[in-house]
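Following: one structure in structure tokens, then a few remarks.
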Amino acid sequence: MLAGCAGKSGSVVIGTKDYTEQYILGNLLALLIEKNTNISTTVKVDLGSDILFSGIVTDTIDIYVEYTGTVFANHLNFYDNYFIVDEVLSAEEIYNLSKSALMQDYNILMLDKLGFNNTYALAIRSEISEMYDILTISELAVFSPDMVFGGSSEILRRSDGIPNLKIVYDMHFKSEIIIDVTERYSSIANDEVQVVEAFSTDGMLNEYSLVVLEDDLHFFPPYHAVPLIRNDIAQEFPEIVKVLDKLSGILTDDIMRNLNYRVDVNGENPRDVAESFLRENNLIR
């Protein structure tokens, strides 16, 4: 069990993106800090990746959970270095390169990986997978001209998203539309789209019996969840780093998928889910 509140008082701003997993993660960080230090937190939700990163660079956000692939490809523009002499960089190489560059260029500290890899994925309905024998993105490419893709505005424009994915796999969709994350699964269930953006830890995948296609050409880099914290905040409140490091390696893919399921399918509150997880793992009293 962590010790009780320690260190000087203060406050920090925690940011989250606009979907379930991020709401849970933001509350995990906030509760850990609130219950084990003298520091209060404010959680700002529903922010995009670029807004969050801009916020932590310009000191309006102090801490948030990002993904290594997003840091590497989107924030640091290292995507062109992902493929080197036809060999894909390892997850550890991507983590180390990103951590070093964040500190050197932005004075941002990347903490230890939380343990799960929420990589981008493409998903289709199980009946389409069976009908056309599609299990990989390469196999999808053959039929993609007759299919509509639905996803976020980010995946439709980012370098680690659809524009370069289509080049690598030599694929073209009938059309590509922006779909809010809350409508993504109903849209594919109603056949408004045939392919959707998904995440490997998404709690709704099983609920809608979707097949996650294998990224057989290894287009998507690893997306290990990692807390980012402004280095000046880490220096001023070292107890925050010590507390947040307690999450290192604890959240597996299966655990995160289950936490997401509890919110998305069972309708539980993200803060309640985060708090019960922390109590079950003796991280807060």
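Values in this text are rule-based calculations from the coordinates and carry no lab data. As the structure is a prediction and not an experimental result, all values here were calculated from the model. Cβ placement follows ideal geometry from the backbone for every residue including glycine, while neighbour counts extend to all protein chains displayed.
The table below gives the values:
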| quantity | calculated |
| --- | --- |
| Additional length obtainable on full extension of the chain from ASN77 to ARG157, 0.36 nm per residue less Cα span | 27.5 nm |
| Packing-based ranking, highest mean first, of 57-66, 114-123, 261-270 given that Cβ atoms within 10 Å are counted | 114-123, 57-66, 261-270 |
| Percent antiparallel among DSSP beta bridges (both partners in the range 1-160, rounded to 5) | 20 |
| Beta bridges per DSSP with both ends in the range 120-212, % antiparallel, nearest 5 | 55 |
| Length released on extending from LYS8 to GLU280, taking residue separation times 0.36 nm less the Cα-Cα span | 95.2 nm |
| Helix-derived mean residue ellipticity, 222 nm - over the chain, DSSP H n ≥ 4, -39500 (n - 2.57), to 500 | -11000 deg cm²/dmol |
| Two-site FRET efficiency, ASN164 against ALA91, from Cβ-Cβ distance with R₀ of 22 Å, rounded to 0.05 | 0.70 |
| GNM flexibility winner over the chain from LYS99, LYS246, LYS174 (Cα, springs under 10 Å) | LYS174 |
| Most mobile of ILE108, ILE162, ILE51 in a GNM of the chain (Cα contacts under 10 Å) | ILE51 |
| Among TYR19, TYR67, TYR106, residue whose mean-square fluctuation peaks in a GNM of the chain (springs only between Cα atoms under 10 Å) | TYR106 |
| Antiparallel %, DSSP beta bridges [both residues in the chain], to 5 | 55 |
| Förster radius 35 Å - calculated FRET efficiency between VAL265 and ASN38, Cβ distance, rounded to 0.05 | 0.40 |
| Cα lying deepest toward the dipole's positive end in the chain, options ILE240, TYR261, TYR23, charges on Cβ | ILE240 |
| Distance histogram in 10 Å bins (all Cα pairs of the chain, percent per bin) | 6, 28, 34, 22, 8, 2, 0 |
| ILE61 long-range amide H proximity, modeled H, under 5 Å | ILE56 |
| Residue-span extension gain [GLN104 to ASN258] - 0.36 nm each, minus C-alpha spacing | 51.8 nm |
| Nonlocal amide H pairs with VAL12, under 5 Å, H built at 1.01 Å | SER40, THR41, THR42 |
